[in-house]
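Undergrad: Have a look at this one.
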Amino acid sequence: MSDAAPLVSICIANYNGMELIDECIASVLAQVRDIAVEIIVHDDASTDGSVQHLCTQWPQVQLIVSEANVGFCVANNRMVAQARGEFVLLLNNDAALWPDALQSLLAAARSEPQVGIWSLPQYDAASGALVDRGCLLDPFYNPVPNLDAKRQDVAMVIGACLWTSRSLWDELDGFPAWFESIAEDMYLCCRVRLVGRAVRVLPVSGYRHRQGASFGGNKSQDGKLSTTFRRRALSERNKTFVMVMTCPSPFVQMLLPLHLLVLLAEGTLLSLLKLDVGYLTGIYLPVFTALLQRRQEIRTTRGGMEARKGAFFSVFDWTPYKLRMLMRHGLPEIR
């Protein structure tokens, strides 16, 4: 890691990731030596000895130690506020870069400055299988993995590996702190596309990701979808926030009522089939309450945004993704 003023700031949010983060940091330090980088780690009140481990094993890392668990959004906002690089790369503690990743991202950012966000193909750390080349969105703002190597423009990229310029991050005010975690990457990518910038995945290089290691769920196990109540609740709530704040008018007036009706039906059906009303009351009904509680923030964020409607919807897949997953995997296992 160079002592020169950094060109790229690598921001790694960590919570109880002592067994994960060494590989992540090592993958950054193994990059080409002609790129000046700084590594910033935000420890989110870990209880597994992460702070002492980082201080001992990685003294070159800038460490922000939070006294309270504040979530992924605040963690990244704090790191980028401290970052000195022209570019920032948000990197999960359970992700590891391929050796040419930074060089590839920097070259792309330099050659196509109109692109607002870049990422790399995501590969499963355990199997090596391609997970996605970014994602499209379905009508209800569910991410649809893109596996097409010819498609580089996408609706969103996963926050496990998200590259952007520090100036654009500041222009868009980063992540909404009140999201806590989940779908903040979707929000930022939608905002970027609303200001006329592209979201793109490189056709080369990549990163390995231990999906779900940092938050639970988010992948199929033995052919069944598996997640946690907390992850599913945050996902349904925050995807709805993103729809309300970024979907262009008049489409939002048509999509939002339909989306809420589908959520209510989904929660009712799961509760009936699982004989547990907690699915409805713990995951789906809180979405309605959250919309009322956050109506001022939603109104403020949405105010003044004018979308390029054609370009915005060009990266949507209009087949509901949950329906496809239901046909393929059956009902999800929520624990």
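Readers should treat all values here as calculations from the given coordinates under stated rules, not as data from a laboratory. What you see is a predicted model, and the numbers here were worked out from it, not measured in a lab. Backbone-built Cβ (ideal geometry, glycine too); neighbour counts: all protein chains shown.
Undergrad: Please give the FRET efficiency for R302 paired with F229, using the beta carbon to beta carbon distance and R0 = 30 Å, rounded to the nearest 0.05.
TA: Details: r = 29 Å, r/R0 = 0.96.
Plugging the Cβ-Cβ distance into 1/(1 + (r/R0)^6) gives 0.55.
Undergrad: Kirkwood hydrodynamic radius (Cα pairs, Å) of the chain?
TA: On the way: mean 1/r = 0.0489 Å⁻¹.
20.4 Å is the Kirkwood radius here.
Undergrad: Name the residue, out of V88, V199, V277, whose mean-square fluctuation peaks in a Gaussian network model built on the chain with Cα pairs under 10 Å.
TA: Looking only at V88, V199, V277, the biggest GNM fluctuation is shown by V277.
Undergrad: Starting from the 7 Å offset along Cα-to-Cβ, what nm value, one decimal, do you get for the label separation of A311 and V65?
TA: 4.6
Undergrad: Now for a separate question. Take L256, L102, L234 and order them by how many other Cβ atoms sit within 10 Å, fewest up front.
TA: Values: L256 16, L102 24, L234 21.
Placing the least packed residue first, the sequence is L256, L234, L102.
Undergrad: Once you have the Cα-Cα distance between H329 and S167, take 0.36 nm times their residue separation minus that, and quote the gain in nm to one decimal. Provide the component values of the computation, followed by the final result.
TA: On the way: separation 162, 0.36 × 162 = 58.32 nm, distance 4.20 nm.
Here the answer is 54.1 nm.
Undergrad: Just K239, K322, K150 to compare: in a GNM of the chain, with alpha carbon springs under 10 Å, which one fluctuates most?
TA: Highest fluctuation among the options: K150.
Undergrad: In whole Å, what are the extents of the stretch 1-137 along the principal axes defined by its C-alpha atoms, from largest to smallest?
TA: If we take the Cα atoms of the stretch 1-137, the spans are 41, 37, 27 Å.
Undergrad: I want the local charge near Y279. Using Cβ-Cβ distances under 15 Å, sum +1 for each Lys or Arg and -1 for each Asp or Glu among the other residues. Can you show the working numbers first?
TA: Details: positive: R230, R231, R232, R237, K274, K322, R335; negative: E236, E266, D276, E333.
With Lys, Arg at +1 and Asp, Glu at -1, the neighbours total +3.
Undergrad: Further question on the same structure: Would you mind ranking L285, L188, L202 by Cβ crowding within 10 Å, fewest neighbours first?
TA: On the way: L285 16, L188 29, L202 19.
Going from sparsest to densest Cβ surroundings: L285, L202, L188.
Undergrad: Sticking with this structure for a sec: Report, in degrees rounded to the nearest 10, the 0 to 90 angle that the Cα long axis of helix 101-111 makes with the longest principal axis of the chain.
TA: Computed tilt is about 80 degrees.
Undergrad: Give a residue-ordered list of calculated ³J(HN,Hα) values for the stretch 258-267 (Karplus: 6.51 cos²θ - 1.76 cosθ + 1.60, θ = phi - 60°; whole Hz; x for Gly, Pro).
TA: Values per residue, Gly and Pro as x: 5, 4, 5, 5, 5, 4, 5, 5, 4, x Hz.
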